[in-house]
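Trainee: Let me give you the structure first, and then I'll get to my questions.
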Amino acid sequence: MTTDLVIGMAGSGGDGIVAAGESLLTAAARKLGVAMHCAHLGGMFTPYFTTDPVTDLATAKRSNTKAHAVFFHGMLKRGFYLPPSQFEVGFVSAAHTARDIDRFVAAARSTLLTF
């Protein structure tokens, strides 16, 4: 599935871009057998390394913080500065393009291969 197709399905602006990235990121993790749930709201997103949806602090605390640290450092090495804690959020705006999301997802796939 291409980013353009996902964005078209998800809507426009920051929320559509985040939904596209979240869908592609979750699909990449699933394909690689990595337990990850990417939560998003509007232009905010956070990947949690857990199989369960994160709906509150208690479910967030059950996710794998060591895996998040590996993901953070792997993405940083690939040129993407994400929040260093899974208890913070990343932001995407309408200024981000489908190409930006494609680059992000490619970097995430590369990072997830190291798990």
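The values are calculated or read from the model by the stated rules, or taken from the named source; none is laboratory data. A quick note: this is a predicted structure, and the numbers were derived from the prediction, not measured. Every residue, glycine among them, receives a Cβ derived from its backbone with ideal geometry; neighbour counts consider all protein chains shown.
Trainee: For region 56-83, enumerate the residues that are within 13 Å of the chain's Cα centre (by Cα) and either over 16 Å from Cys38 (Cβ atoms) or of a type in the set (Ser, Thr, Tyr) (or both).
Mentor: Matches in region 56-83: Tyr81 only.
Rundown of residues vs (1) under 17 Å from Leu25 (Cα atoms); (2) modelled with pLDDT under 90; (3) buried (at least 18 other Cβ atoms within 10 Å of the Cβ), yes/no style:
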residue	(1), (2), (3)
Ala58	no, no, no
Leu76	yes, no, no
Gln86	yes, yes, yes
Thr111	yes, no, yes
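Trainee: Could you tell me how many of the residues in region 40-55 are more than 8 Å from the chain's Cα centre (by Cα), surrounded by 15 or more Cβ atoms within 10 Å (Cβ to Cβ) and part of a strand (DSSP E or B)?
Mentor: Final tally of qualifying residues: 3.
Trainee: Which pairs have Cβ atoms under 8 Å, sit 6 or more apart or on different chains, and link a residue in region 45-58 that is at negative phi to one that is in a loop (DSSP other than H, G, I, E, B) and of a type in the set (Gly, Ala, Ser)?
Mentor: Partner pairs satisfying both residue conditions: Tyr48/Ser63; Phe49/Ala35; Phe49/Ser63; Thr50/Ala35; Thr50/Ser63; Thr51/Ala35; Val54/Ser63.
Trainee: Output the number of residues of region 63-100 satisfying the condition of being assigned to a helix (DSSP H, G or I) and more than 14 Å from Thr114 (Cβ to Cβ).
Mentor: Final tally of qualifying residues: 4.
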